[in-house]
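What follows is a set of notes on a single structure, which appears directly below.
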Amino acid sequence: MEVVEGDNQSAPTGSAVDTRPAVRISDDRGQPVAGVEVTFVVTGGGGSVSGAGQTTTSSGIARVGDWTLGSSPGRHTLEARAAVKPSRGFTAQGTAREGGVHHLVFQVQPGDVGVGEEFSMEVALVNAAGNVVPLSGIQIYVGLFLEGSDSPSNLRLAGNRFRDTDNGVAVFRLSVRQKGSYRFRALTDDLPDLGPHGPKPYLSATVSL
């Protein structure tokens with residue numbers, strides 16, 4: 001199996017590469033082999049493919065339907081696999097684009113409040129330039145942590161700590177039941193390309209009671 005085209009490309013994160021990766025399968029005499037099943041698999045960087053399963057043509061060529069890069073800038077990899085030949089890899093460089101979600105920010109942070117006093121927090125999805133990405137329906141959730149502890153103290157928190165974004169912003173109205181110094185972390189599981197709970201390090205804000 002050999003690479004025909006589609007290797008060493010560059011594309012904005014979250015978008016499809018311009019050239020669909022393709023491989024050619026030949027026999028021991030260098031003649032193309034038709035009818036061989038080839039599977040294209042994303043092996044790094046996130047993202048997805050359409051038309052992952054292809055069959056070689058009379059020219060011995062199989063081409064993926066589309067390769068869409070993940071949302072994180074950097075190296076992305078794809079592999080073509082067939083039972084009869086060693087696999088072949090492709091790479092693409094994902095470049096940050098202003099329109100995609102890059103990280104979370106606290107637009108409105110908690111300040112010093114009293115025990116049981118309700119306060120508001122706003123968490124926004126922003127792109128690499130810091131502008132709000134107006135996506136709705138992305139669930140954001142917050143965790144409460146005592147200063148110096150990595151274990152959540154969510155039972156001390158009153159209010160709904162799970163909120164969906166509206167035009168890129170999730171609004172929380174919460175209160176804390178016990179006195180102390182706390183950190184809030186904002187996380188999401190709805191943007192898996194940014195990590196299992198969103199971008200790291202997790203966004204945090206401090207409130208003292």
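The values are calculated or read from the model by the stated rules, or taken from the named source; none is laboratory data. Just so it is clear, the structure is predicted and the values come from calculations on it, not from any experiment. Reconstructed Cβ throughout: ideal geometry from the backbone, glycine too, with neighbour counts over all protein chains shown.
Just one of (1) part of a strand (DSSP E or B); (2) buried (at least 17 other Cβ atoms within 10 Å of the Cβ) fails for Thr43. It is (2). Restricting the search to strands (runs of 3 or more DSSP E) fully inside the range 99-192 and requiring at least 1 residues that are touching a Ser or Thr at 6+ places or on another chain (Cβ under 9 Å) and farther than 30 Å from Thr13 by Cβ gives 119-126, 139-146, 169-176, 181-187.
Kindly indicate whether Pro192 is at pLDDT below 80, within 21 Å of Gly47 (Cα to Cα) and touching a strand residue (DSSP E or B) at 6+ places or on another chain (Cβ under 6 Å). No, not satisfied. Within the range 162-189, the set of residues being modelled with pLDDT of 90 or more, β-branched (Val, Ile, Thr) and closer than 30 Å to Gly45 by Cα comprises Thr165, Val169. Going by the structure shown, is Pro12 farther than 17 Å from Gly89 by Cα and modelled with pLDDT under 90? So Pro12 fits the description; yes. Among the residues of the range 61-89, just one is closer than 30 Å to Val126 by Cβ, without any contact (Cβ under 8 Å) to a residue 60 or more places away in the chain and not in a strand (DSSP E or B), namely Leu69.
Looking only at residues in the range 1-40 that are among the charged types (D, E, K, R) and part of a strand (DSSP E or B), the one that is nearest to Ala128 (Cα to Cα) is Glu5. Scanning the range 52-68 for residues that are exposed (fewer than 13 other Cβ atoms within 10 Å of the Cβ) and more than 14 Å from Val23 (Cα to Cα) yields a count of 0. When Gly148, Gly114 are screened for being over 24 Å from the mean Cα position of the chain (by Cα), at positive phi and modelled with pLDDT of 80 or more, only Gly148 passes.
Residue by residue, here is whether (1) in the same structural domain as Val23 (by TED's automatic domain parsing); (2) touching a His at 6+ places or on another chain (Cβ under 6 Å); (3) buried (at least 20 other Cβ atoms within 10 Å of the Cβ) holds:
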| position | (1), (2), (3) |
| --- | --- |
| Gly70 | yes, no, yes |
| His76 | yes, no, yes |
| Glu79 | yes, no, no |
| Phe90 | yes, no, yes |
| Gln107 | no, no, no |
| Asp112 | no, no, no |
| Glu118 | no, no, no |
| Met121 | no, no, yes |
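Annotation: Ala129 fulfils all but one of (1) over 21 Å from the mean Cα position of the chain (by Cα); (2) not assigned by TED's automatic domain parsing to the domain that holds Ile25; the unmet one is (1). No other residue among Ser58, Ser136, Ser50 is hydroxyl-bearing (Ser, Thr, Tyr), in the same structural domain as Pro192 (by TED's automatic domain parsing) and free of Cβ contacts under 8 Å to residues at least 40 places away in the same chain apart from Ser136.
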